[in-house]
Protein chains: 2
Amino acid sequence: MKRVMLSVAYDGTNYCGWQVQPNEITVQQVLNDALSALTGEEIHTIGASRTDAGVHARGNVAVFDTNARMLGDKYSYALNTRLPEDIRIQGSREVPGTFHPRFTSTIKTYEYNILNRRFPDPTRRLNSYFCYVPLDTERMNQAARYLIGTHDFRSFRASGETNPDRSTVRTIYSAEVSRSDDVLKFRICGNGFLYNMVRILAGTLIEIGRGRVAPDKMPDILAAGDRSSAGPTAPAHGLTLMEIRYPEWEPDFTARRSADCEMPGVTRSAG
Amino acid sequence: MKRVMLSVAYDGTNYCGWQVQPNEITVQQVLNDALSALTGEEIHTIGASRTDAGVHARGNVAVFDTNARMLGDKYSYALNTRLPEDIRIQGSREVPGTFHPRFTSTIKTYEYNILNRRFPDPTRRLNSYFCYVPLDTERMNQAARYLIGTHDFRSFRASGETNPDRSTVRTIYSAEVSRSDDVLKFRICGNGFLYNMVRILAGTLIEIGRGRVAPDKMPDILAAGDRSSAGPTAPAHGLTLMEIRYPEWEPDFTARRSADCEMPGVTRSAG
């Protein structure tokens, strides 16, 4: 029996999110089916991030256990010939059987794209949120800087999630808003994110960018500890999970790495 | 009766190209139907560029004649509420009845995107051509520079197109290959393009980028005047018609403008 880790990219447009659900097509279900057909076993993957319907990924992580003889690093090629074109494995390798993708400390990077122009662009409609009101990048970036560090992000948690035992403290290593032509990109990197947190942060930054909220209100919103103090939840299709790294475990595993997102005390090789 | 000009953007994935064809869904057909429903007249648009199946556009141009009272600049909003989300009007205005989008001198800009990485990325599969062989941007850019100027581009014309009366001389104002992370972009701007010319140029540049052909062979390929001297036709889905300008007519019409593509002797206002 061995445990294999996969880096999984997908266009979330046509899926009801990552996690297996009855009567719905999900990324995990399609992956389980492809792996079961490939190995002849009934495979159940464990995902690192249970992304919502419509959210995209360039590097989600999943593991599974198998008795098949195939070498761990061959699964990426073997699976890609069986998967639909909106899911592609970016890499695979064997990992120790004790490795769990959610119970191991991680560095996750998300990007939220906003198409900020007069009319929608059909060629970019599936992975960016269209906003015709002009947004001020500098104001948004100024507000995003307040997110860096260790904070209680309770204000940015979906109101349905109210398990009082779960910590709402997270550490953000970098948070930045940049503009390239008509695309605004909000990139954030941290040790974990609450349910809907990146989308609520994006929605709040949009309110700030259009001038409804002052950039220096961000510390007050954080301090309020109340969902109603933050902005609306931005739509799912603007969000992409860019990468997940396991710094203590597999620092060089994922295909994509970001130089701007170093966890203090962790050294990574160049790449 | 008035003539109205539209700037049209579309994701070409689900269309059999621009031009109306029996029993096929085309962008022009969908646009004609939306305009006919809006005006209550039978509308037949005339397109500037008859893009192939799968090719995208951010700024193709079409005109139509109507007796409807609506002001020319209102059509963009009125049409966008009726069109499917993969077609969006970027602007509209009334033009003189003598204006014809194909028989007026133009500056057209195309971009061809190549995703150059180890595995396909599902989130970018619909508007870039995936190539896993590493491509040398500098070699490609060196070769692209030979295209600038006025040349006979017969070598880069689809072999089916052999009308001997049609000139195959075109003027290219700029041609450049640039890389941003894992995306190579071939951007070309000229006064016109032969059938499949940009895709054959892209296919030839890929051959050069992967080392099969030397960059300084480009002048020889041009001089040969023979389709077989050039590389293969790169796939349609990597190509986007970025903009069409009518410098003598409506220099400020199109929504997108490129500072890198000035036609000699034509002054444009900033924007």
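The values are calculated or read from the model by the stated rules, or taken from the named source; none is laboratory data. Quick caveat: nothing in here was measured; it's all calculated off a predicted structure. As a convention, Cβ positions derive from the backbone with ideal geometry for all residues, glycine included, and neighbour counts pool all protein chains shown.
Couple of notes before you dig in:
- Strands (runs of 3 or more DSSP E) enclosed by the range A:148-236 - at least 3 residues per element that are surrounded by fewer than 17 Cβ atoms within 10 Å (Cβ to Cβ) and among the hydroxyl-bearing types (Ser, Thr, Tyr): A:169-180
- The condition of being in the same structural domain as residue A:95 (by TED's automatic domain parsing), β-branched (Val, Ile, Thr) and within 20 Å of residue A:242 (Cα to Cα) holds for only one of A:8, A:30, that being A:8.
- Residue count, the range B:12-34 (criterion: surrounded by fewer than 18 Cβ atoms within 10 Å (Cβ to Cβ) and more than 19 Å from the chain's Cα centre (by Cα)): 6
- Test: residue B:234 is within 22 Å of residue B:195 (Cβ to Cβ), assigned by TED's automatic domain parsing to the domain that holds residue B:132 and among the small types (Gly, Ala, Ser): yes
- Screening A:108, A:74 for residues that are surrounded by 16 or more Cβ atoms within 10 Å (Cβ to Cβ) and of a type in the set (Lys, Arg) leaves exactly one candidate, A:108.
- Within the range B:107-124, being touching a Lys or Arg at 6+ places or on another chain (Cβ under 8 Å) and facing chain A (nearest Cβ under 8 Å) holds for B:119, B:120, B:121, B:122, B:123.
- Residue match in the range B:86-102 (condition: assigned to a loop (DSSP other than H, G, I, E, B), touching a helix residue (DSSP H, G or I) at 6+ places or on another chain (Cβ under 8 Å) and modelled with pLDDT of 95 or more): yes
- Extreme residue, nearest to the other protein chains (Cβ to nearest Cβ), among residues of the range B:38-51 that are touching a strand residue (DSSP E or B) at 6+ places or on another chain (Cβ under 8 Å) and either in a loop (DSSP other than H, G, I, E, B) or surrounded by fewer than 16 Cβ atoms within 10 Å (Cβ to Cβ) (or both): B:51
- When restricted to residues that are among the hydroxyl-bearing types (Ser, Thr, Tyr) and under 13 Å from the mean Cα position of the chain (by Cα), the range B:178-226 contains 1.
- In the range B:71-106, residue farthest from residue B:182 (Cα to Cα) [restricted to those that are hydroxyl-bearing (Ser, Thr, Tyr) and within 13 Å of chain A (Cβ to nearest Cβ)]: B:75
- Test for residue B:86: is it outside the structural domain of residue B:211 (by TED's automatic domain parsing) and of a type in the set (D, E, K, R): yes
- Residue match in the range A:19-31 (condition: among the charged types (D, E, K, R) and in a loop (DSSP other than H, G, I, E, B)): yes
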